[in-house]
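The values are calculated or read from the model by the stated rules, or taken from the named source; none is laboratory data. Worth saying up front: this structure is predicted, and the values here are computed from it rather than measured. Please note: Cβ atoms are built from the backbone with ideal geometry, for glycine as well, and neighbour counts cover all protein chains shown. Ligands, DNA and RNA are excluded from the accessible area calculation, which covers all protein heavy atoms including side chains. Shrake-Rupley method; radii C 1.70, N 1.55, O 1.52, S 1.80 Å.
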Amino acid sequence: MSSEKHRIVLLDGGMGQELRRRSDRPATPLWSAQVMLDEPQLVTAVHRDFIDAGARIITTNNYSATPQRLARDGDPAMFAPLQAAALNAARQAREESGQAVRIAGCLPPLVASYHHEVVPDDATCLRDYRRLVQVQADGVDLFICETMTLAREALAATRAAVEHGIPVWVAFTVDDSDGTRLRSGEPLAEAARSVVAAGAEAVLVNCSVPEAVTTATEALADLGVPFGGYANGFTAAADLAPGGTVEALETRQDLDPEGYAEHACRWIEQGATIVGGCCEVSPAHIAALAERLTAGGYRLVSSLEPADA
């Protein structure tokens, strides 16, 4: 194995679920965003814990703060304050840690996770992803378009980010029973090729069961760009209705830190160079994965560029 193949970008884990464990406040559709106003110290603390666990990229906590979700579940006027709070929490955690981590801006599904049928038209997608990019661009090192269920939604997010000249990664969520297809039914390989052609520098699979991510990585191996995955710990994430909360989802009991690390190492054996965790993956999971990778001779980095320290 060459030294280049010993370099792994380690992402953080599931912010929203970790916040649920640390707060006494009830879950709401906008919960992970609201907590930034009510208990911002919790967000910074979770970022810090992921960094301390070994994560070299942390993602901003703005997943639920899209124009559509705020219009449905909250107040559209909170868009800018919530985005600013998410950026501040990530920056504060990085400064306090003293680590050379990178901050990824989050470009999430505009309306709901897992439901391709509610994705807005292309013009609306591009307009609102541009809004998200514009408000985050000065405070992030890259963008991750994540939990993309539909190829055209991913393309709109990619194009909006590429316009700003900041590196863009795209993470698709796949059918839990068929990792070769998006939750929309579209072939993952085709969707991945389309975003790479639009300028995405890496392609991942996220918020799917680990077994589906294992299948999906095989479909990404021939893209010619770095690839990887970060799975969730739910039994069936697609059961979440638009506007619902994760309280309705069941957590798997077989994905303790060592069990999750076993799956992630399998992705690396398939050629993945970017791994981390999504919902229900805690700092303890990331720490176990970091320890296993380090023991295996891998170097944890924040970038796959040769200049990375």
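Of all positions in region 71-79, at least one carries a residue that is modelled with pLDDT under 95, of a type in the set (Lys, Arg) and either under 26 Å from Gln41 (Cα atoms) or in a helix (DSSP H, G or I) (or both).
Annotation note: Cβ proximity below 7 Å between a residue of region 276-296 that is under 16 Å from Ala45 (Cα atoms) and a residue that is among the acidic types (Asp, Glu) (sequence gap 6+ or interchain) occurs for Ser282/Glu18; Pro283/Asp49; Ile286/Asp12. Residue pairs whose Cβ atoms lie under 8 Å apart, sitting 6 or more positions apart in sequence or on different chains, and linking a residue in region 260-273 that is in contact (Cβ under 8 Å) with a residue 40 or more places away in the chain to a partner that is assigned to a helix (DSSP H, G or I) and open to solvent by 30 Å² or more (accessible area, probe 1.4 Å), are His263/Glu211; Gln270/Glu218; Thr273/Lys5.
Can you find, within region 249-287, the residue that is farthest from Arg48 (Cα to Cα) among those that are among the small types (Gly, Ala, Ser) and part of a loop (DSSP other than H, G, I, E, B)? Give the steps one after another, and end with the answer.
Taking region 249-287 as the starting set, the residues that turn out to be among the small types (Gly, Ala, Ser) are 259, 261, 264, 271-272, 276-277, 282, 284, 287.
Imposing the further condition that a residue be part of a loop (DSSP other than H, G, I, E, B) reduces the set to 271-272, 282.
On the way: Gly271: 29, Ala272: 25, Ser282: 12 Å.
Going through the qualifying residues, I end up with Gly271.
Elements of the type strands (runs of 3 or more DSSP E) sitting completely within region 86-196 and holding at least 1 residues that are of a type in the set (Gly, Ala, Ser) and under 19 Å from Asn232 (Cα atoms): these cover 102-107, 168-172, 178-182. Considering only region 118-174, how many residues are under 18 Å from the mean Cα position of the chain (by Cα) and at positive phi? Counting residues in region 118-174 that are under 18 Å from the mean Cα position of the chain (by Cα) and at positive phi gives 1. A search for C-beta distances below 6 Å between a residue of region 178-207 that is closer than 15 Å to Ile274 by Cβ and any residue that is aromatic (Phe, Trp, Tyr), counting only pairs 6+ apart in sequence or on different chains, returns Ala202/Trp169; Val203/Phe227; Val205/Phe172; Asn206/Tyr230.
Residue count for region 199-228, restricted to those that are open to solvent by 10 Å² or more (accessible area, probe 1.4 Å), over 20 Å from Glu305 (Cα atoms) and in contact with a helix residue (DSSP H, G or I) (Cβ under 7 Å, 6 or more places away or on another chain): 2.
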